[in-house]
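Inspection log for the structure reproduced underneath, given as structure tokens.
Just so you know, all these numbers are worked out from the coordinates, no wet-lab data involved. Remember, it's a predicted structure, so these values are computed and weren't measured experimentally. With ideal geometry, Cβ positions are generated from the backbone for all residues, glycine too; neighbour counts draw on all protein chains shown.
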Amino acid sequence: MAAQFGRRLRRGATSGAIVAAAVAALAASQGPGAIPPPTDNLNGDTAIGAGDATTPHGGGGTGGSATGDSPYYTDLPPLNPPKVPGVAPTAPQVPIVTGPAAAGIPATVLAAYQRAEASIRASDPACNLPWQLLAGIGKVESGQANGGRVDGNGTTFTPILGPALDGNGFALIQDTDNGAFDGDATHDRALGPMQFIPSTWAVWGQDANGDGKKDPQNVYDAAQAAGMYLCAGGRNLAIKADLDKAILSYNRSREYLTTVLHWFEYYGRGAHTVPDGTGQLPVDRSDRPTPGRPPLPITVTPSSPAAPSPRPSQDRPSPKPTDPATTPPAKPAEQSKPPTADPTRPSIEVPPTLRVSRLKAGTATLTAVTGSTFAQTASVTAVDASGRPVAGVSVRFALPATTDARFPAGATTVTVTSDARGVAKAPALRAGEKAASFTIRATVPGRSSLPAAELKATVEVRKADALTRIGTTALTAATGAGYADVTVESRLAGALAPGVTVTAVITDSANSDAQSTDGPSFGKDAAGNPIRTKVLKTDAQGRLVVAGLVAGQKAGDYVLLLTAPGGGTAKVTLTVTAPATTPPATPDPTEEPAKDPAPTSSTSPSTSPSTSPSTSPSAATSPTASASPSA
């Protein structure tokens, strides 16, 4: 053990100052330029905060360890780190696409770590949990979920189980779950990519992807639970002492602590994604065989069967040939050679992601009307080079930015896994309000050189082949006055047609479809100009109401022309009447007529000499005009 421990510590104990600085730098680097966690509902995960993130009552550790001190991988990272040795990452990390194989993390596994970090930073920012710590633990516990052998939702293809904790070289933990999680009703086993024992999972298990299950074999659920477990008890992982306590609470071994810290520091200097199922698998284990004890597998799966041993009756020559003089000795060297591969190393099966040669687009015609769900499903078939279907391939379907069609939950991309027939079907696609054709692209994540399969889809406008006015009341209004509302019903092939766009235009006659310049209007625009064209939409019952019609200033008959895609048409007559004329005013019969004024310019007959025929007798003979007798 001393020699083994010395090999594992070939790089020396990790400096507390370097690790603390690395954690602090990683915490500070989560700004806008940092690698963002997935936010597009890929791989079956939900938006941050939508899944379960429940801290157990008491919020502290379990008193033992998360894994029951189960065995773990002891491989250390290579001596050549992805970044400059000895330099802690002090700036946001830019994702890289190439690098050392040891620095490659399967895409779905990395997404789960980053999502767990983002979720816990939102709920417990004081913990300062970096995803690189989860990656270090995931590497040591399960080799990043067996090199990323998970489906598109993050669940392992086959359960990852540790050896029975029967006290024989391990802790003795009697069964606590009646075999519900680990299939062992006698002793507990560590479970899943992050290797929780059932009793710990029962307390800390999470539903991070919102699928209604707390599944220790799901990398999203397991990473979230691991992050919360490490943050328990108010730990601040930017402090070296708290960081050490958190790791030791996972497995109470100083060697385990050192191994995890090496990987944490390594990933902190740079990491990149690799396709699911292609991660570099570790080899060395803390339960390496000792005299009298065979190695115990950390994964109980049927995916890596041992190579069959040769059968002596078929592969070896008979020890007593019947005719040694005439029968040449058999030469079974090629068949009887013992296997040269290390029997302690698991056989590596070529993952489906690498076996797929192309994606064949489905033949379904993808058509829908605006606002409805496509009747057909977008699908592709994954095949290998010989044309045989490949199951278990993660396929990503992506919508272009030009369409407002969406997958469930408003997603523009979804990732699904091909079935036993190699068929990967996208979830139901719903059309938006934009009528247009677009292309759905299907790709295999991590296989950028593999051509995308393209599926054509079309969104058509809703149609109506008949528009009918409800009611027969004549529509008449004096100039400047308003009309009653007009109700119209739309139908397609006899059925009510909801959501149909109808264009309403005021025309001068039933034989014209040109907009009138004098007729009624739908009111005025901001500039004070009459509006005589309007776009309306039928409601859920296939009806629409034309309201707000106002008569113009010119009397006459006009037409409200309604048209819909599909040929539906309706014409409604609008009559504008002139206002009534006002008659002239008549005199009041009680008023007296005016009197003629007295003449002022004519001469009185008695005094006018021109009109008097003779001299007035009074003037000539009046006694008053004669001389007084007394005079």
For segment 353-402, what number results from the quotient of the Cα radius of gyration and 2.2 N^0.38 Å? 1.41
What full-extension length gain, to one decimal in nm, is calculated for Thr377 and Lys571 as 0.36 nm per residue of separation minus the Cα-Cα distance? 65.8 nm
Rg over Rh [alpha-carbon atoms, Kirkwood Rh] for segment 353-460: 0.98
Computed magnitude of the charge dipole of segment 353-460 (debye, nearest 20; Cβ of K, R +1, Cβ of D, E -1): 320
Farthest towards the positive end of the dipole of segment 489-582, among Ala547, Ile506, Gly494 and with Cβ unit charges of +1 on Lys and Arg and -1 on Asp and Glu, lies the Cα of Gly494
Extent along principal axes [Cα atoms of segment 439-558; Å; largest to smallest]: 72, 39, 25
Relative contact order (percent, whole number), segment 178-247, Cα cutoff 8 Å, 6+ residue spacing: 20
Under 5 Å, built H, 5+ apart or other chain: amide partners of Ala497: Ser490, Arg491, Leu492
Relative contact order as a percentage, segment 466-577, C-alpha pairs under 8 Å and 6+ apart, gives 37
